[in-house]
């Protein structure tokens, strides 16, 4: 089922998600809905907060983003990330690499707004999957950026919080309009 995507201005986007203790049918249905919603919106990631649920759950699929490559390692061996998509990450924990890189980001909760954001180029991720099994991987490229962006959402942090001051100033009018429209809705 396609769900409405919460737009900037809604308080749930600033809410840290609760840990998921029991991966039950309700959580599995939410993850399936989130994937369907993300694909419908042509996104590469979606956090539970973006569909109004303050939970530690995100979905990611970078397999169609051919112009922005990703790299992935499982148990130290490089693998083809597209063979492991979509990812459903429950209660994810991230360790950040030391090297930083600048990259373009957008967000389904901020229609038509993009910005250059500096993030670590590589991450190590540990999470649970829908079976409750622990998954661990390392990522670079778009997959690394998507994981960081979505994990920020799970902690109530938005990509505008990572923008330069100049970018925030230049987008101030559009952000105010989005917040006002979301309050009217």
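The values are calculated or read from the model by the stated rules, or taken from the named source; none is laboratory data. Quick caveat: nothing in here was measured; it's all calculated off a predicted structure. Cβ sites come from the backbone with ideal geometry, for glycine too, and all protein chains shown count toward neighbours.
If we keep just the residues of segment 69-96 that are outside any strand (DSSP E or B) and touching a strand residue (DSSP E or B) at 6+ places or on another chain (Cβ under 7 Å), which is nearest to residue 39 (Cα to Cα)? If we take residues in segment 69-96 being outside any strand (DSSP E or B) and touching a strand residue (DSSP E or B) at 6+ places or on another chain (Cβ under 7 Å), then 86 is nearest to residue 39 (Cα to Cα).
For segment 3-20, a residue qualifies if it is surrounded by 13 or more Cβ atoms within 10 Å (Cβ to Cβ), farther than 15 Å from residue 58 by Cα and more than 16 Å from the chain's Cα centre (by Cα), and the qualifying residues are 9, 10. Of all residues in segment 1-20, those satisfying the criterion of being touching a strand residue (DSSP E or B) at 6+ places or on another chain (Cβ under 9 Å) and over 24 Å from residue 178 (Cα atoms) are 18, 19, 20.
Confirm whether residue 46 is touching a strand residue (DSSP E or B) at 6+ places or on another chain (Cβ under 7 Å), under 23 Å from residue 111 (Cβ atoms) and not in a strand (DSSP E or B). For residue 46, the condition - touching a strand residue (DSSP E or B) at 6+ places or on another chain (Cβ under 7 Å), under 23 Å from residue 111 (Cβ atoms) and not in a strand (DSSP E or B) - is not met. Note down all Cβ pairs under 7 Å where the first residue falls in segment 130-151 and is on the phi > 0 side of the Ramachandran plot and modelled with pLDDT of 95 or more, the second is assigned to a loop (DSSP other than H, G, I, E, B) and surrounded by fewer than 24 Cβ atoms within 10 Å (Cβ to Cβ), and they're at least six residues apart or on different chains. From segment 130-151, the pairs are 132/23; 141/68; 141/69.
Summed over segment 60-104, the residues that are at positive phi and surrounded by fewer than 13 Cβ atoms within 10 Å (Cβ to Cβ) give a count of 2. Can you find a residue in segment 25-39 that is outside any helix (DSSP H, G or I) and closer than 21 Å to residue 106 by Cβ? There is no residue in segment 25-39 that is outside any helix (DSSP H, G or I) and closer than 21 Å to residue 106 by Cβ. Kindly establish whether residue 64 is part of a loop (DSSP other than H, G, I, E, B), free of Cβ contacts under 8 Å to residues at least 60 places away in the same chain and either within 23 Å of residue 5 (Cβ to Cβ) or more than 17 Å from the chain's Cα centre (by Cα) (or both). Yes; evaluated as a whole, the condition is true for this residue.
Filtering 52, 43 for residues that are crowded, with 18+ Cβ neighbours inside 10 Å and touching a residue at least 24 places away in the same chain (Cβ under 8 Å) leaves a single hit, 43.
Within segment 97-120, the residues that satisfy the criterion of being part of a strand (DSSP E or B), closer than 25 Å to residue 56 by Cβ, out of contact with any helix residue (DSSP H, G or I) (no Cβ under 6 Å at 6 or more places or on another chain) and without any contact (Cβ under 8 Å) to a residue 60 or more places away in the chain are 106, 118, 120. Restricting attention to segment 123-148, the residues that are buried (at least 18 other Cβ atoms within 10 Å of the Cβ) and in a strand (DSSP E or B) add up to 9.
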